[in-house]
Structure formats: structure tokens, C-alpha cells
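As C-alpha cells, the structure follows; a few thoughts come after it.
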Amino acid sequence: MNTFLQHLLNGIATGSIYALLALGYTMVYGVLKLINFAHSEIFMVGAFTGYYAAHALGLASNPSLLGAATVMLISMTVCGLLGFLNERIAYRPLRTAPRITSLITAMGVSLFLQYGGQMVFGPDPKFFPQVFPKSNLQLGGVVTTNYQLFVVAVAIALMAGLQWIVYRTRFGKAMRAVSHNFEMASLMGIPTDRIISMTFVLGSVLAAAAGNLYGLVYPRIDPLMGVFPGLKAFVAAVLGGIGNVPGAMLGGMLIGLVEEYAVAIDPWAWGALHVHVGRFKDAIVFAILVAILVFRPSGLLGRYEPEKV
Amino acid sequence: MTPKRPSLPTAQPPRREGPGPLALSAIALVALAAVASGCGGGGDRSGGAAASEVVVGEYGSLTGQTAAFGSQTHRGIELAVDEINAAGGVKGRTFRLVTEDDQSKQEEAATVVRKLISRDKVIALLGEVASSCSLAAAPIAQEAKVPMISPSSTNPKVTLVGDYIFRVCFLDDFQGHAMARFCFNTLGARKAAILRDIRQDYSVGLANFFAEEFARLGGQVASDQSYSSGDSDFKAQLTAIRAAGADVLFVPGYYNDVGQIAIQARDLGLTIPLTGGDGWESPTLLAIGGKALEGCYYSNHFDPSSSDPTVANFFRKYSDRYHEAPGALAALGYDSAKLLADAMTRATDITGPAIRGELAATKGWAGVSGLITMDQNRNPVKPLVVLQIQDGKISLRETIQPF
Amino acid sequence: MARRLALGALLIGCAALLDALLPRLLDPYMFQILIYIGINITLAVSLNLVNGITGQFSIGHAGFMAIGAYVSAYITYFFGPGLATATPSGGPPPGIAGEFVLFGALLAGGLAAAGAGWVVGLPSLRLKGDYLAIVTLGFGEIIRVLILNIETVGGARGFAGVPPLQKFSPVRGFFWVFLLAVATVIVSVRLVNSSYGRAMLAVREDEVAAEASGVNTTQTKVGAFVVGAFFAGMAGGLLGHYLQYLNPAMFTFVKSFEILIMVVLGGMGSITGSVLAAAIMTILPEALRGVKDYTPHNIDPRMVLFSLLLIVLMLTRPTGLLGHREIWDVVPWRRRRHPAGPNSGGAA
């Protein structure tokens, strides 16, 4: 039982980070019907900005919770700006172009940031400092650190904040309107361009937070770190129903748990089926993606939208 | 609804029939001939050695995934080359090193080795650290009869490619078996857990060799988990290992993963010692792993703190020049270059086959990483050292002779 | 029919001639570049069939390459009589019979890849644009992870000792690469100009209208995947035998992306465009090899430049070099066929 709970906690912690990332994908897809491949690189930039900010503020030798919060805010600002620029420069000119063009551009931006990042930051991994003091905790039979709890807490707080923005503010209403029907929204007087920009900014801010949280629990960061978490977060967004905000959160958690338990049942799977299931955990996540898209493309919480001819 | 998007430019008008296959191949021929004549001449012009030099090629991963390893090896080789030239070169000729970066990719390794051989006309090759790159390049060197010395590829298959391929490090089977014996005999472990890097041939090989020897000695492998290098989260695997109740955890991965694994293991309350192979070797291992690595052990090619004059000398010269402590990779790089120069000096003339012959005949050559004698598969018979991490410092625990 | 046979024989003759001559004219480094160009041409043209001509956005092409490579290598390594290079210098080449073994192995690899293409093509029935892209990406990764875990073919260690091309016969490998590239181009051109090609173009332009007009979109789309995968598989097989080494790390998403760039650069839908772009994209990194010494951290600028190229291309000239046209639409070909009237094909 203890082991089960331990795995549960691990899965939820990782899942929260995926959830934060997935939110960015899902919001952008909702308003633009575009898969923003570059989102995973915003996540990476968030982690690196946090790294440099932490060192600039001398947090490695002087860890504090306030410092951690400051670092995160700095990252969020930088990434928000980056997301804004990304949209303006690379996506807005292509809004009326065929969708394939924007997709390819998104891929191009993603790769540009990855390899450009290698040039700017250097290809060697860097190690995120411990920005506030770390301590081990024992909750019953489950061993964890305050970092893991911090991650879950911050992620939940941010997600709650996003829910509030999306469902309780005018901006959120406008965002939902744009994702329902772009033309009607603009006809209703909603400044669609601005809304879209804000959506990107919001998504990027969450990605920056995710990057910092990731850096906390998995200190090794390098310019290519966004690729796999980004892909998995995207799978999570699709799983939950792309365009659906609560869906992305649910999807993120589920993917985190699937990854965790794939490894957990490995000894049993090896004994029963002679397959090291744990080694295929990446393939399992992609297989989930394929299965969802084939059997239930609207995802778990999405609505089935018939295609109008 | 999203903004209205047109599809790609509209359908084409009725097409003219294109040229038939005859014309197509004619186009292809012409194009190729153009490329060929444009570039073909270049082949003879560049590269080649002046009579007063000996050109040796080095290929390594100076960028990419394993950039840290390639760069360190390169520094060791560079140091050796400068010393060789300062001492008068090889038979009076300057030892010129041409270095190419393979970006940690196998395809690139093959490309740059071909370039080194055909364009730069190197007489011998040094490289690579990663066995996968060595395996990609070795057939090319073998075919061109260019002797190749790998400083640190530990996969047994590398030297089996041909009789022109050598190495100066021990093999994974010896390393894995030795660490199994260490865990069983010295640490007294009876139940071992393994956490292998499924993406690295090196790690998988070592894990297999460890497991087979540990079982042969009478121990039990209680848990065999895996991760992919580049993964950040090992908690799932470590939780499963914790549940299996092992006495020791064998982690035959690379240092940057190992550091994190150790930290996460301690975070989960796993207190058993971690053991590993020479992939742990790095000046930054302790910086990454910190206190989590206390009481852990790993095998290596040489003991950097040894008071043996050869080792101490090398250590001093390297640290003076590069302002960092040399790791095993630097030592092996250094040894590979020095051994090559020595073989060239012993050889009757500086040609591929003669150098090869002398390399194969190497006996008791004193390198920084130990005494090297080549066996019939062109692998050196050398001892292995087990290093321990105690009080934040690395020190020698045991030396294991070849068995 | 006799004409076709004669042409075929002529082609094979050309291939053999080039294969014998070129190694004498060029140094091995240049020769290697030509081999890579040939392989890339095959890859680009085969991807173009799926992406450009049928309009399906597939970014998992490297997965098909991998399957073809591993299957053909498996066959030649384990079943090629005495051909494995695990031990040095294994006897004289077995002559023409060896050629058939190699061809058979490559064909098997291609067919296995085609099978995978069929499997990937099936879900494509329901998916459009972005989703399809992600699914193909997912499949590519799944294939890679699966191969990574199969110990018989080396897994993470890589598959070493794949018999080299020249073990099979006197030809040095260019023979096969050339023939495959030419075959891919010919098949593509023929296909596009046939009724199947019309169906593929119709699916690209407006799938619903095509379906309503009686085109079997299912068959068309899956067919495109299968043919594209077949050639990619054979190209992968050739690559494996040329390098004598295979590793799953050679077939990641980045590889798929490189092939995609070739197709996009050349113009999606243009076969000759893909050929041109493949050649350019193979030569360019080699030509830029020296630039690395001047970049920060000495990183190879290849990927940065390619991605920048892609972004700029999409923003300024999304149709690529040749757009939808073939080279003979741009360069006046047989004037006598079209005395007057529009002589440019399609909008730019």
C-alpha cells in the first residue's frame, strides 16, 4: 500500500507539471486551432531564465522561499514576452494561410529555439540551484521532499487561477467566444487579435512556471529538455480534450500517473508477460495518443464537434 | 469557427507529359556529372602530409549529447601531442593532429572519418569514446587499413571489426564482472538491484555483465529497472527498487544521470549504497550528486589521487594547463596518443600496416591508466580500480586485477 | 513493352557504369556525399507522395526508414550466407548471386515498411491536418522505442556488423542507390500522371468533394502511405548497409524533420523540387562544415539555419522552390507539344 501511495504522489507531482504545460497547448489550440510546437521551448526558456535569475540573485548560497517566488515571476515575465513575440512574428502573418503552413512554421520555431538555445546557453546540461531549503518529509509510509509538495501546491494554485480567469472574467469569456467561433466573436466587437495575443501570453506564463517547477525537482536542464515533456503534455491535452481547460488538467495528471504506474507494474509484467513494460513507457504514452485519436478524438472531456461541410 | 483558411494553391491545369525514364536518367547523369566535375578535382588538392609531418586524425563528440566526454578526451590527446612534439616528434617528424567533431552522432562519425582518411590523408585515427560511434567508424578505418585506437569505447564488438582496430581501455565484460565481485565479496551484498540506461549500449552491456556474474556468485538480482538517458524522473523506478529490498543498487549510467538518481534515491528514503562503472567519472560528479553520493563506489581506469609518478605527473600537467582535474577519459585520450606515437617510433616505417603490427605487439607499455599489453583481440589487459566517495572526496578502495 | 525493357536495361547499364567510374573520379568523401544525395532523394520523393501530392501531413517518415533498415539488415546479417562482417576479411565476394540476396533483403525491408505504412495510414482515415501530424509523429516514436528494446538487433547498442554493400558483388553501392532514386522518381511521376494520381490530387484539394465525386479517399490515402513507406524502407535499408551500422538514435523525429524540410523547400507536390532540395540539403551541411569553428560553443549551425530557413520560407514563399510545378514546367521543355497557350503550370 505504501508503495502504491508513493507512486501516486510521484505521479501527481509529475502530472501537475504536465498539466501546466498542457494548458498552454490547449488554450492556443482552442483559439487558433494551431498546435503550438514552440510551447515546449518556452518551457525550456522558463527553466533557463529561472536558472540565470537564481544565480543572479545569489540564491544558490542564500536560498529562500521569497527568492524562489521572485525567480518564478521573472521567468514568467520573460516567457510571456517571448510567447507574445512568437505569435506576432511567426503566427499572425500566417493566420489566413493554409494550416499546414502554420504547423510547419511552428515546428520551425520550436527547432530554432532548441538549437539556438544550444548556441546561447551551451549544449551542456546545467543544474538548477536549490532556490529554497530542501527538507525530507515522512507522511506515513510515503517519503517525499517539500519540493514535491511545493510543485503540487503551486501547480494547483495556478490552475485554480486560470480557471478563475477563464470562467469568471471578461477576458476569459472573450477567449471562450473566440475559440467557439472566431468570426462571430470579431463581429461582436471582440478584439480578436488582442485576445489571441493574451492567450499566448497566458499559456507562456504557465509554461514558465512549469519550467521552474521542473527545474526544482529535476535539476538538470539543457536546451533540448522541452521536447519530451512537451510531447507528453500535448498528449495530455489531447487526452483531456483539446481546447478544453479542465480536460488539460485532467489529462496531465493522468499521463503523469500512467508513466509512473507503467514502471510500477514492471516487475509484475515481467513475471507474468515477460515484457519489461517500464521500458516502453514512452511508447505507451504515444500509444494512448493514437488510441484516443482513433477511438475518441474529442478526448475525455471534449465535446464531439461534427465537421460542417 | 476559425479564420477561413484556403487550402494550398489550386489544382493544376492539365499537365504536359513529363519526360520519360530515359530522359530522366539522362538528367540524373548530367546532374551527377556536374556535381562530380565540380567537386571531384578537390579530392587531390587538399590534405596530405608534408614530408616533415605525421598526420593523425581525431574524431570525437565535441558537441552534442556526449560533448563533455569528447571534449575531455580531446584535451588529453592535445596534451599528449604537445608533449610528443616538444620532445622532438615522431622520428623527427611533427605529429600533426586533425580533429573533427562528430556531434555525438554515428552517421557523422562515419562521414568525418571518411573525410579524415580520404581528404586529410591521416596515417592513423584516434577515437571514439562512445562505442556506437566507434562501431560506425571502425569498418571504414579497417577497410582503408588505417589503424584506429579508441580511447574509451568499452563495447567488445569494436575491436572485433578488424585487426586495425585497437583500444586502450578495459572491456565492459571485465568491468561488469569486476563490479559484481566487488559488490558480492567486498560489500557483502546478496540482493542487488540494477537501474540501467536503456538508451546507452554501454549501460545495457555493463548491466548484463554485472547481472550474470552476480547470479553466478550466488547473489540474487532483486529488481531490474531502466530509464532513458535524458530522463529526469527516476522516482518510479526507485520506488519499485525500494520495495524490492535490495542491499546494493548498481547504476551503470553516465555521471549526470547518476547524480540525480542518487539525490532522488535519498529523497525517497533509499539508503543502500550505489555502485557503478566508469561512466560516473567526471570532475562534476560530486557537484551534481553532492551528499547523496556518500558511501557509493564506482570502477575506473585509474586512480586520480595515486602517488605513482606517471599518474601524478600527468595530473599536475593537465591541471596546470586546463585548470581542472583530469578524469579517466582525459587519461585514456592521453594514453592513446602516446601509445600511437610509441608504436610509430618502434615501427620500421610510418605506414599503416607497420604501425598496426607494432600496436598489436605492445607489451607492458606504461600508460597513465595502467600497464598496457595487447591481447589477440587488440584489447589491453589492465587492472581496474574501485573508487569510493567518502566525506565528499574520491579515494581508492580496491584494485582488481584481470581475471 | 520492348521499349520499356530496353529503357530498363539502359538504366541498369547507366547505374553500373556510374558505379564503376565514379569511385575512380572522386575521392571517397565526395563519393559518400553522392550516396547520401541518392538516399535523400529517395526519402524526399517518397515523403512528397504523402505530404505534397496527397496532402496528408506525415512527420513520422523516419520510422518507416528504421523498419526497412532493420528488417533488411536482419536478413542479410543472419541469413546472408557467410556475408556477415562480424569477423574480419571474410573471403571473396560471392558474385552476382549476392546481388539478389541484397535486393531480396532490401525488398523485404521495403515491404515491411509498406506494411507499417498501411498500419499508420489506417488511423489517418479519421484525422486531418494537425492531428494526423501528431499521430504520425507518435508512430515514428513508437517504432523507434520498440526497436530500441529488441535485443536481437542490438537495441540501444545498435546493430553493428551489417554486411557492407560491396560484400555482395563488385558494385560499390552507388549502383543500388542510383537505381532506387531513379525508380522512386519514375514511379512517382508515373503515379501522379495516372488515375491514382488524379485521385491523390483530388484528396489533397478537397477531400469531401473528392469523396462525394466517387473517389475512394480511404484507399487513396492509405495507398499513398504504403507507397511512400515502401521507398523510405528501401532507402533505410541502403543506408544501413552502407554505414554497416544501425542505431535507433539515427531515426528520431529530427530525421523526419530533415526529410520534411527537403520536401517543403522543394515545393510540396513537386517531385523534381524534392530532388533538387534533397541535393541542396545534403551538400549544404558539408559546405558549411567549416562554419562551426566560428559559432558560439562551436555548435554545428546546421539545425539553427535549417529551422530559420523553414520559418523564413513559410513566411515569404510557402510553396518552396518549385511550388507545385515540376522542373519541366519552369524550364521550357518540349516546345512542340504546346505551340501556344499557357505554358506555366499552377499558381506560384
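General remarks:
- Pairs beyond 31 Å (Cα-Cα), from B:Lys235/B:Lys382; A:Lys126/B:Lys382; A:Lys33/A:Lys134; B:Lys338/C:Lys292; B:Lys317/B:Lys393: B:Lys235/B:Lys382; A:Lys126/B:Lys382; A:Lys33/A:Lys134
- Equivalent-ellipsoid semi-axes of the protein assembly as shown, from the Cα gyration tensor, Å, largest first: 45, 41, 25
- Spin-label model, A:His180/A:Phe4: points 7 Å from Cα along the beta carbon direction are separated by 4.3 nm.
- Charged side chains reduced to their Cβ positions (Lys and Arg at +1, Asp and Glu at -1) give chain A a dipole of some 640 debye around its Cα centre.
- Around the amide H of B:Val248, modelled in the peptide plane, lie the amide H atoms of B:Lys191, B:Ala193, all under 5 Å away and 5 or more residues distant in sequence or on another chain.
- Relative contact order %, the stretch A:11-295, counting alpha carbon pairs below 8 Å whose residues are six or more apart: 37 percent
- Each peptide in B:285-291, B:377-383 receives the mean, over its residues, of other Cβ atoms within 10 Å, and ordering these scores from highest gives B:377-383, B:285-291.
- Residue order, fewest to most beta carbons within 10 Å, for A:Phe112, C:Phe103, A:Phe295: A:Phe295, C:Phe103, A:Phe112
- Total formal charge among the other residues, if their Cβ is under 11 angstrom from that of B:Asp335, Lys/Arg +1 and Asp/Glu -1: +2
- For chain B, modelled as a GNM whose springs connect Cα atoms under 10 angstrom apart, the maximal fluctuation among B:Arg181, B:Arg242, B:Arg316 occurs at B:Arg316.
- Sequence-ordered 3J(HN,Hα) estimates for the stretch B:341-348 from the Karplus curve with 6.51, -1.76 and 1.60 and θ = phi - 60° stand at 4, 5, 5, 4, 5, 6, 5, 5 Hz, glycine and proline given as x.
- Per-residue HN-Hα couplings for the stretch A:290-303 [Karplus 6.51, -1.76, 1.60; θ = phi - 60°; Hz; x = Gly/Pro]: 4, 4, 4, 5, 7, 9, 8, x, 7, x, 5, 9, x, 9
- Sites matching GluC sites (Glu not before Pro) across the stretch B:294-403 that sit in DSSP coil, with at most 15 neighbouring C-beta atoms within 10 Å: B:Glu324
- Shielding value for A:89-102 is 5, the average number of Cβ atoms from other chains within 10 Å of each residue's Cβ.
- Counting, for every residue in A:137-149, the Cβ atoms of other protein chains within 10 Å of its Cβ and taking the mean gives 2.
- Cβ-based net charge around C:Ala212, under 13 Å, with every Lys or Arg adding one and every Asp or Glu removing one: -4
- Between C:Asn247 and C:Phe159, the built amide H atoms are under 5 Å apart, and every one of these is 5 or more places off in sequence or on another chain.
- 10 Å Cβ neighbours from other chains, averaged over peptide B:259-267: 3
- Gaussian network model of chain A, Cα within-10 Å springs - most flexible of A:Gly230, A:Gly189, A:Gly15: A:Gly189
- For B:Glu324, no residue 5 or more places off, or on another chain, has a built amide H under 5 Å of its own.
- Hull-based mean projected area of the stretch A:11-295, where the convex hull spans the alpha carbons, in square nanometres: 16.7 nm²
- Residues in the stretch C:101-122 reached by a label modelled at C:Thr218 [backbone nitrogen below 18 Å; 7 Å Cα→Cβ]: C:117-122
- For chain C: Kirkwood Rh in Å [reciprocal of mean 1/r, alpha carbons]: 21.0 Å
- Packing-based ranking, highest mean first, of C:132-145, B:97-110, C:19-32, C:263-276 given that Cβ atoms within 10 Å are counted: C:263-276, C:132-145, B:97-110, C:19-32
Throughout, read-outs are computed from the coordinates displayed, never taken from laboratory work. Note that the structure is a prediction, hence the values are computed from the model and not measured. Note: ideal-geometry Cβ built from the backbone for every residue, glycine included; neighbour counts use all protein chains shown.
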